[in-house]
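Visitor: Before I ask anything, let me first share the structure, which is written out below as C-alpha coordinates.
The values are calculated or read from the model by the stated rules, or taken from the named source; none is laboratory data. All values derive from a computational prediction rather than experimental measurement. In this analysis, Cβ positions are derived from the backbone assuming ideal geometry, glycine residues included, and neighbour counts consider all displayed protein chains.
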Amino acid sequence: MQNVYLDPNSYVHLQNVLFERSDRYNTNNCREPVIFLSEYCSKRGINLQTIDFWDREKASAQDIYVSFDHKFFLRKWYWRKRNPQYPRVDLAKFKKRILFHFEPPTVMAEIRYIAKSAMRAYDKAFFTWKIPGTNAQYFHTPQAHEGLFFEYWQNENRAFLTLINSNRSSLSRYKELLTERVRAILFFGKTHDIDLYGFGWDARPLFPYWFSGDAIRKTYKGSVEDKYKTLSQYTFAFAVENCELPGYITDKVFDCFYAGTIPLYLGAPDIEEYIPKDCFIDMRDFRNYEELRKFLKQLSQEEIKTYKENGRRFLESEHYKPFTKEHFARLFVEACQDA
(Lines give C-alpha, C1' and ligand atoms only; values in the text may rest on other atoms or scores of the structure.)
Protein backbone atom coordinates (compact mmCIF):
# COMPACT_ATOMS: atom_id res chain seq x y z
CA MET A 1 0.00 0.00 0.00
CA GLN A 2 1.41 3.37 -1.08
CA ASN A 3 1.09 6.10 1.58
CA VAL A 4 0.18 9.54 0.25
CA TYR A 5 -0.08 12.42 2.73
CA LEU A 6 -2.30 15.32 1.72
CA ASP A 7 -1.60 18.82 3.04
CA PRO A 8 -5.13 20.29 2.82
CA ASN A 9 -6.16 23.81 1.86
CA SER A 10 -7.26 24.63 5.42
CA TYR A 11 -6.25 23.58 8.92
CA VAL A 12 -9.92 22.74 9.65
CA HIS A 13 -9.55 19.71 7.34
CA LEU A 14 -6.89 17.88 9.37
CA GLN A 15 -7.53 14.53 11.09
CA ASN A 16 -8.97 13.27 7.77
CA VAL A 17 -11.98 15.56 8.24
CA LEU A 18 -11.39 16.51 4.61
CA PHE A 19 -12.85 13.15 3.57
CA GLU A 20 -16.00 13.32 5.73
CA ARG A 21 -19.41 14.03 4.23
CA SER A 22 -21.05 14.82 7.57
CA ASP A 23 -18.72 17.68 8.52
CA ARG A 24 -20.27 21.16 8.70
CA TYR A 25 -17.82 22.55 6.16
CA ASN A 26 -19.18 20.23 3.45
CA THR A 27 -21.72 22.77 2.22
CA ASN A 28 -23.60 21.81 -0.96
CA ASN A 29 -21.41 18.67 -1.05
CA CYS A 30 -18.37 20.76 -1.98
CA ARG A 31 -16.06 18.03 -0.65
CA GLU A 32 -17.41 15.39 -3.00
CA PRO A 33 -14.36 15.54 -5.35
CA VAL A 34 -11.93 14.81 -2.46
CA ILE A 35 -14.16 12.17 -0.91
CA PHE A 36 -14.37 10.49 -4.30
CA LEU A 37 -10.59 10.86 -4.64
CA SER A 38 -10.02 9.05 -1.35
CA GLU A 39 -12.22 6.14 -2.44
CA TYR A 40 -10.62 6.08 -5.91
CA CYS A 41 -7.13 5.94 -4.38
CA SER A 42 -8.08 3.18 -1.95
CA LYS A 43 -9.20 0.94 -4.82
CA ARG A 44 -5.80 1.43 -6.45
CA GLY A 45 -3.58 0.62 -3.50
CA ILE A 46 -3.08 4.18 -2.29
CA ASN A 47 -3.65 5.06 1.35
CA LEU A 48 -4.59 8.76 1.33
CA GLN A 49 -4.45 10.62 4.66
CA THR A 50 -4.12 14.23 5.77
CA ILE A 51 -0.60 15.37 6.57
CA ASP A 52 -1.02 15.28 10.37
CA PHE A 53 -0.93 11.46 10.17
CA TRP A 54 2.64 11.57 8.86
CA ASP A 55 5.11 10.48 11.53
CA ARG A 56 8.73 11.51 11.06
CA GLU A 57 9.96 8.51 13.07
CA LYS A 58 7.88 5.95 11.18
CA ALA A 59 8.14 7.58 7.76
CA SER A 60 9.00 5.50 4.72
CA ALA A 61 11.29 6.62 1.93
CA GLN A 62 8.42 5.73 -0.42
CA ASP A 63 5.96 8.22 1.11
CA ILE A 64 4.49 10.87 -1.18
CA TYR A 65 3.60 14.42 -0.15
CA VAL A 66 0.77 16.26 -1.94
CA SER A 67 -0.19 19.83 -1.11
CA PHE A 68 -3.51 21.43 -1.98
CA ASP A 69 -2.27 25.02 -2.40
CA HIS A 70 1.29 26.09 -1.66
CA LYS A 71 1.73 27.31 1.92
CA PHE A 72 4.03 30.31 2.29
CA PHE A 73 5.98 30.08 5.58
CA LEU A 74 3.88 32.79 7.26
CA ARG A 75 0.72 30.90 6.37
CA LYS A 76 2.16 27.73 7.92
CA TRP A 77 3.07 29.66 11.05
CA TYR A 78 -0.46 31.03 11.29
CA TRP A 79 -1.99 27.57 10.80
CA ARG A 80 0.08 26.15 13.65
CA LYS A 81 -1.17 28.94 15.88
CA ARG A 82 -4.77 28.07 14.99
CA ASN A 83 -4.34 24.29 15.04
CA PRO A 84 -1.34 22.75 16.87
CA GLN A 85 -1.98 19.47 15.03
CA TYR A 86 -0.63 21.01 11.83
CA PRO A 87 2.84 19.42 11.69
CA ARG A 88 6.28 20.60 10.71
CA VAL A 89 7.17 18.52 7.68
CA ASP A 90 10.57 17.78 6.19
CA LEU A 91 9.86 17.57 2.45
CA ALA A 92 13.24 15.91 1.89
CA LYS A 93 11.87 12.81 3.64
CA PHE A 94 9.40 12.13 0.82
CA LYS A 95 9.95 10.18 -2.38
CA LYS A 96 7.90 12.67 -4.34
CA ARG A 97 6.41 16.13 -3.73
CA ILE A 98 3.37 17.25 -5.72
CA LEU A 99 1.44 20.52 -5.73
CA PHE A 100 -2.17 21.07 -6.79
CA HIS A 101 -2.74 24.79 -6.41
CA PHE A 102 -6.38 25.88 -6.50
CA GLU A 103 -6.55 29.42 -5.12
CA PRO A 104 -5.71 32.47 -7.27
CA PRO A 105 -3.92 35.66 -6.12
CA THR A 106 -7.19 37.27 -5.03
CA VAL A 107 -7.47 34.59 -2.33
CA MET A 108 -3.76 33.86 -1.71
CA ALA A 109 -2.08 37.14 -2.58
CA GLU A 110 1.46 35.82 -2.16
CA ILE A 111 1.17 33.22 -4.92
CA ARG A 112 1.42 35.92 -7.59
CA TYR A 113 4.97 36.67 -6.47
CA ILE A 114 6.23 33.27 -5.36
CA ALA A 115 4.61 30.87 -7.86
CA LYS A 116 7.79 30.28 -9.86
CA SER A 117 10.00 29.82 -6.81
CA ALA A 118 7.35 27.63 -5.15
CA MET A 119 7.41 25.24 -8.09
CA ARG A 120 11.02 24.38 -7.35
CA ALA A 121 9.93 22.76 -4.08
CA TYR A 122 7.89 20.15 -5.97
CA ASP A 123 8.55 17.41 -8.49
CA LYS A 124 5.27 18.29 -10.19
CA ALA A 125 3.15 21.43 -9.90
CA PHE A 126 -0.41 21.86 -11.17
CA PHE A 127 -2.35 25.15 -11.18
CA THR A 128 -5.99 26.00 -11.95
CA TRP A 129 -4.83 28.75 -14.30
CA LYS A 130 -2.18 28.90 -16.99
CA ILE A 131 1.24 30.29 -16.10
CA PRO A 132 3.27 30.82 -19.30
CA GLY A 133 7.03 30.36 -19.27
CA THR A 134 7.04 27.78 -16.47
CA ASN A 135 6.82 24.01 -16.11
CA ALA A 136 3.49 24.35 -14.28
CA GLN A 137 0.80 22.01 -15.54
CA TYR A 138 -2.80 23.17 -15.90
CA PHE A 139 -5.78 21.39 -14.39
CA HIS A 140 -9.47 22.16 -13.99
CA THR A 141 -11.08 22.63 -10.59
CA PRO A 142 -13.07 19.39 -10.16
CA GLN A 143 -16.82 19.83 -9.83
CA ALA A 144 -18.88 18.10 -7.17
CA HIS A 145 -21.77 17.08 -9.41
CA GLU A 146 -22.16 14.93 -12.50
CA GLY A 147 -25.04 16.78 -14.12
CA LEU A 148 -28.14 18.89 -13.67
CA PHE A 149 -30.64 18.72 -10.81
CA PHE A 150 -33.74 18.01 -12.87
CA GLU A 151 -36.23 19.07 -10.20
CA TYR A 152 -34.58 22.50 -10.11
CA TRP A 153 -33.65 22.67 -13.78
CA GLN A 154 -37.23 22.24 -14.99
CA ASN A 155 -38.62 25.03 -12.80
CA GLU A 156 -40.28 27.66 -15.00
CA ASN A 157 -41.54 30.03 -12.31
CA ARG A 158 -38.49 32.28 -12.14
CA ALA A 159 -37.62 35.84 -11.16
CA PHE A 160 -35.25 37.87 -13.35
CA LEU A 161 -31.69 38.04 -11.94
CA THR A 162 -29.57 37.03 -8.96
CA LEU A 163 -26.01 37.06 -7.70
CA ILE A 164 -24.90 34.49 -5.11
CA ASN A 165 -21.46 35.25 -3.68
CA SER A 166 -19.79 36.13 -0.42
CA ASN A 167 -18.60 39.68 0.08
CA ARG A 168 -14.90 38.89 -0.22
CA SER A 169 -11.97 41.19 0.36
CA SER A 170 -8.48 40.70 -1.03
CA LEU A 171 -4.95 41.85 -0.33
CA SER A 172 -4.29 41.62 -4.07
CA ARG A 173 -6.10 43.62 -6.73
CA TYR A 174 -4.23 41.84 -9.52
CA LYS A 175 -6.78 40.93 -12.21
CA GLU A 176 -9.48 40.97 -9.51
CA LEU A 177 -13.19 40.97 -10.35
CA LEU A 178 -14.55 41.34 -6.82
CA THR A 179 -15.32 45.02 -7.38
CA GLU A 180 -17.05 44.16 -10.68
CA ARG A 181 -19.63 42.22 -8.68
CA VAL A 182 -20.29 45.33 -6.61
CA ARG A 183 -20.73 47.44 -9.75
CA ALA A 184 -23.25 44.93 -11.09
CA ILE A 185 -25.18 44.92 -7.81
CA LEU A 186 -25.32 48.72 -7.70
CA PHE A 187 -26.50 49.08 -11.31
CA PHE A 188 -29.19 46.40 -11.22
CA GLY A 189 -30.17 47.49 -7.72
CA LYS A 190 -31.14 50.90 -9.11
CA THR A 191 -33.44 49.22 -11.63
CA HIS A 192 -34.82 46.83 -8.97
CA ASP A 193 -33.84 43.83 -11.10
CA ILE A 194 -31.48 41.88 -8.84
CA ASP A 195 -31.63 39.79 -5.67
CA LEU A 196 -28.34 39.37 -3.80
CA TYR A 197 -27.42 36.36 -1.63
CA GLY A 198 -24.32 35.29 0.26
CA PHE A 199 -22.32 35.95 3.40
CA GLY A 200 -20.88 39.25 4.53
CA TRP A 201 -22.96 41.77 2.59
CA ASP A 202 -24.10 43.44 5.80
CA ALA A 203 -20.47 44.54 6.25
CA ARG A 204 -18.75 47.45 4.51
CA PRO A 205 -18.24 46.89 0.75
CA LEU A 206 -14.86 46.87 -0.92
CA PHE A 207 -13.04 50.12 -1.66
CA PRO A 208 -13.97 52.30 -3.59
CA TYR A 209 -17.59 51.41 -2.68
CA TRP A 210 -17.32 51.98 1.07
CA PHE A 211 -20.31 54.32 1.08
CA SER A 212 -22.60 52.14 -1.04
CA GLY A 213 -23.56 49.79 1.77
CA ASP A 214 -27.14 51.03 2.05
CA ALA A 215 -27.76 50.59 -1.68
CA ILE A 216 -26.33 47.06 -1.59
CA ARG A 217 -28.33 46.06 1.48
CA LYS A 218 -31.57 46.99 -0.29
CA THR A 219 -30.93 44.13 -2.74
CA TYR A 220 -29.70 41.67 -0.09
CA LYS A 221 -31.86 38.63 0.69
CA GLY A 222 -29.52 36.85 3.10
CA SER A 223 -27.46 33.65 2.91
CA VAL A 224 -28.65 30.42 1.30
CA GLU A 225 -28.69 26.81 2.46
CA ASP A 226 -29.12 25.29 -1.00
CA LYS A 227 -27.60 27.47 -3.70
CA TYR A 228 -28.98 25.28 -6.50
CA LYS A 229 -32.53 25.65 -5.25
CA THR A 230 -32.04 29.41 -4.98
CA LEU A 231 -30.48 29.64 -8.45
CA SER A 232 -33.41 27.71 -9.91
CA GLN A 233 -35.71 30.55 -8.88
CA TYR A 234 -34.05 32.92 -11.37
CA THR A 235 -33.70 33.10 -15.15
CA PHE A 236 -30.24 34.73 -15.06
CA ALA A 237 -27.38 34.76 -12.56
CA PHE A 238 -24.05 36.54 -12.50
CA ALA A 239 -21.18 34.05 -12.69
CA VAL A 240 -18.24 36.37 -12.04
CA GLU A 241 -14.96 34.72 -11.07
CA ASN A 242 -12.76 36.11 -8.30
CA CYS A 243 -10.24 37.14 -10.93
CA GLU A 244 -9.52 37.19 -14.65
CA LEU A 245 -6.82 34.61 -15.41
CA PRO A 246 -6.41 32.31 -18.45
CA GLY A 247 -8.05 28.95 -17.77
CA TYR A 248 -9.34 29.90 -14.32
CA ILE A 249 -12.88 28.47 -14.38
CA THR A 250 -14.62 27.55 -11.14
CA ASP A 251 -18.01 26.25 -10.02
CA LYS A 252 -19.82 29.56 -10.62
CA VAL A 253 -20.74 28.87 -14.23
CA PHE A 254 -21.48 25.16 -13.66
CA ASP A 255 -23.80 25.88 -10.73
CA CYS A 256 -26.00 27.81 -13.14
CA PHE A 257 -26.09 24.93 -15.62
CA TYR A 258 -27.11 22.47 -12.89
CA ALA A 259 -30.09 24.66 -11.94
CA GLY A 260 -31.20 25.62 -15.45
CA THR A 261 -30.16 29.24 -14.94
CA ILE A 262 -28.39 31.23 -17.66
CA PRO A 263 -24.96 32.42 -16.47
CA LEU A 264 -23.78 35.96 -17.15
CA TYR A 265 -20.10 35.09 -17.23
CA LEU A 266 -16.99 37.13 -16.62
CA GLY A 267 -13.64 35.59 -15.78
CA ALA A 268 -11.35 33.37 -17.84
CA PRO A 269 -10.59 35.22 -21.10
CA ASP A 270 -10.29 31.85 -22.88
CA ILE A 271 -13.60 30.45 -21.58
CA GLU A 272 -14.74 29.50 -25.10
CA GLU A 273 -11.89 26.98 -25.40
CA TYR A 274 -13.64 24.91 -22.74
CA ILE A 275 -17.33 25.87 -22.71
CA PRO A 276 -19.28 26.65 -25.91
CA LYS A 277 -20.38 30.27 -26.11
CA ASP A 278 -23.99 29.34 -26.81
CA CYS A 279 -24.26 28.06 -23.20
CA PHE A 280 -23.73 31.41 -21.47
CA ILE A 281 -23.90 35.17 -21.94
CA ASP A 282 -20.44 36.71 -22.16
CA MET A 283 -20.37 40.02 -20.29
CA ARG A 284 -17.45 41.18 -22.44
CA ASP A 285 -19.86 41.48 -25.37
CA PHE A 286 -21.47 44.55 -23.81
CA ARG A 287 -20.01 48.02 -23.37
CA ASN A 288 -21.88 48.66 -20.14
CA TYR A 289 -24.59 47.29 -17.88
CA GLU A 290 -27.29 49.28 -19.65
CA GLU A 291 -26.54 47.37 -22.86
CA LEU A 292 -26.52 44.07 -20.98
CA ARG A 293 -29.85 44.81 -19.30
CA LYS A 294 -31.46 45.78 -22.60
CA PHE A 295 -30.23 42.53 -24.19
CA LEU A 296 -31.56 40.40 -21.32
CA LYS A 297 -34.95 42.11 -21.31
CA GLN A 298 -35.37 41.59 -25.06
CA LEU A 299 -34.64 37.85 -25.05
CA SER A 300 -37.65 35.78 -26.00
CA GLN A 301 -38.76 32.73 -24.02
CA GLU A 302 -37.61 30.59 -26.93
CA GLU A 303 -34.11 32.12 -26.85
CA ILE A 304 -33.94 31.65 -23.08
CA LYS A 305 -34.95 28.01 -23.49
CA THR A 306 -32.20 27.54 -26.10
CA TYR A 307 -29.50 28.82 -23.71
CA LYS A 308 -30.84 26.51 -21.02
CA GLU A 309 -30.85 23.46 -23.32
CA ASN A 310 -27.34 24.25 -24.55
CA GLY A 311 -26.11 24.23 -20.95
CA ARG A 312 -27.73 20.83 -20.40
CA ARG A 313 -26.15 19.41 -23.56
CA PHE A 314 -22.74 20.66 -22.46
CA LEU A 315 -23.04 18.81 -19.13
CA GLU A 316 -23.87 15.63 -21.06
CA SER A 317 -21.00 16.05 -23.53
CA GLU A 318 -17.34 15.03 -23.62
CA HIS A 319 -16.40 18.70 -23.09
CA TYR A 320 -17.58 18.55 -19.48
CA LYS A 321 -15.54 15.48 -18.53
CA PRO A 322 -12.25 17.35 -17.84
CA PHE A 323 -14.11 19.20 -15.06
CA THR A 324 -15.37 16.05 -13.32
CA LYS A 325 -14.16 14.46 -10.09
CA GLU A 326 -13.28 11.29 -12.03
CA HIS A 327 -10.92 13.19 -14.30
CA PHE A 328 -9.23 14.87 -11.33
CA ALA A 329 -8.86 11.56 -9.48
CA ARG A 330 -7.14 9.98 -12.49
CA LEU A 331 -4.79 12.95 -12.81
CA PHE A 332 -3.96 12.77 -9.09
CA VAL A 333 -3.18 9.04 -9.16
CA GLU A 334 -1.12 9.34 -12.36
CA ALA A 335 0.95 12.12 -10.75
CA CYS A 336 1.61 9.90 -7.73
CA GLN A 337 2.44 6.78 -9.73
CA ASP A 338 4.62 8.29 -12.46
CA ALA A 339 8.28 7.46 -12.04
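Visitor: Among what's in the stretch 64-78 and is closer than 18 Å to Trp54 by Cβ and not in a loop (DSSP other than H, G, I, E, B), pick the residue that is modelled with the lowest pLDDT. Reasoning before the result, please.
Guide: Let us first name the residues in the stretch 64-78 that are closer than 18 Å to Trp54 by Cβ, namely 64-71, 76.
From what is left, the residues that are not in a loop (DSSP other than H, G, I, E, B) are 64-68, 76.
On the way: Ile64: 98, Tyr65: 97, Val66: 98, Ser67: 96, Phe68: 97, Lys76: 83.
For the stretch 64-78, the residue satisfying everything is Lys76.
Visitor: Another question about this same structure. Check off (1) within 23 Å of Leu37 (Cα to Cα); (2) modelled with pLDDT of 95 or more for Lys130 and give me the number that stays unchecked.
Guide: Result: Lys130 passes all but (1).
Visitor: Filter the stretch 272-312 for residues that are acidic (Asp, Glu) and either farther than 26 Å from Pro322 by Cα or not assigned by TED's automatic domain parsing to the domain that holds Tyr258 (or both) and give the result. Steps first, answer last, please.
Guide: In the first step, residues of the stretch 272-312 are kept if they are acidic (Asp, Glu); the result is 272-273, 278, 282, 285, 290-291, 302-303, 309.
Selection gives Asp285, Glu290, Glu291, Glu302, Glu303.
Visitor: What are the pairs, 6+ residues apart or on separate chains, where a residue within the stretch 143-156 that is in a helix (DSSP H, G or I) has its Cβ under 8 Å from a residue that is aromatic (Phe, Trp, Tyr) and modelled with pLDDT under 95?
Guide: Every condition considered, no pair remains.
Visitor: Looking at (1) modelled with pLDDT under 90; (2) charged (D, E, K, R); (3) under 21 Å from the mean Cα position of the chain (by Cα), which is the one condition that is false for Lys81?
Guide: Exception for Lys81: condition (3).
Visitor: Inspect the stretch 87-104 for any residue being in contact with a Cys (Cβ under 8 Å, 6 or more places away or on another chain), in contact (Cβ under 8 Å) with a residue 40 or more places away in the chain, in a loop (DSSP other than H, G, I, E, B) and not aliphatic (A, V, I, L, M) and give the result as yes or no.
Guide: Yes, the stretch 87-104 has at least one match.
Visitor: For the stretch 23-52, give me each residue that is surrounded by fewer than 16 Cβ atoms within 10 Å (Cβ to Cβ), out of contact with any helix residue (DSSP H, G or I) (no Cβ under 9 Å at 6 or more places or on another chain) and outside any loop (DSSP other than H, G, I, E, B).
Guide: Result: Ser42, single match.
Visitor: How many residues does the stretch 284-298 hold that are closer than 21 Å to Lys252 by Cβ and free of Cβ contacts under 8 Å to residues at least 40 places away in the same chain? Step through it out loud before you land on a result.
Guide: Residues of the stretch 284-298 closer than 21 Å to Lys252 by Cβ: 284-286, 289, 292-293, 295-296.
Remaining after also requiring free of Cβ contacts under 8 Å to residues at least 40 places away in the same chain: 284-286, 292, 295.
Matching residues across the stretch 284-298 total 5.
Visitor: Considering Tyr258, Tyr248, which residue is assigned to a loop (DSSP other than H, G, I, E, B), buried (at least 19 other Cβ atoms within 10 Å of the Cβ) and either aromatic (Phe, Trp, Tyr) or over 25 Å from the mean Cα position of the chain (by Cα) (or both)? Give the steps one after another, and end with the answer.
Guide: Details: Tyr258 fails: assigned to a loop (DSSP other than H, G, I, E, B).
Going through Tyr258, Tyr248 in turn, the sole match is Tyr248.
Visitor: Restricting attention to the stretch 268-280, does a residue exist that is within 13 Å of Thr162 (Cα to Cα) and touching a strand residue (DSSP E or B) at 6+ places or on another chain (Cβ under 6 Å)? Steps first, please.
Guide: Step one: filter the stretch 268-280 for residues within 13 Å of Thr162 (Cα to Cα), giving none.
Looking through the stretch 268-280, none of the residues is within 13 Å of Thr162 (Cα to Cα) and touching a strand residue (DSSP E or B) at 6+ places or on another chain (Cβ under 6 Å).
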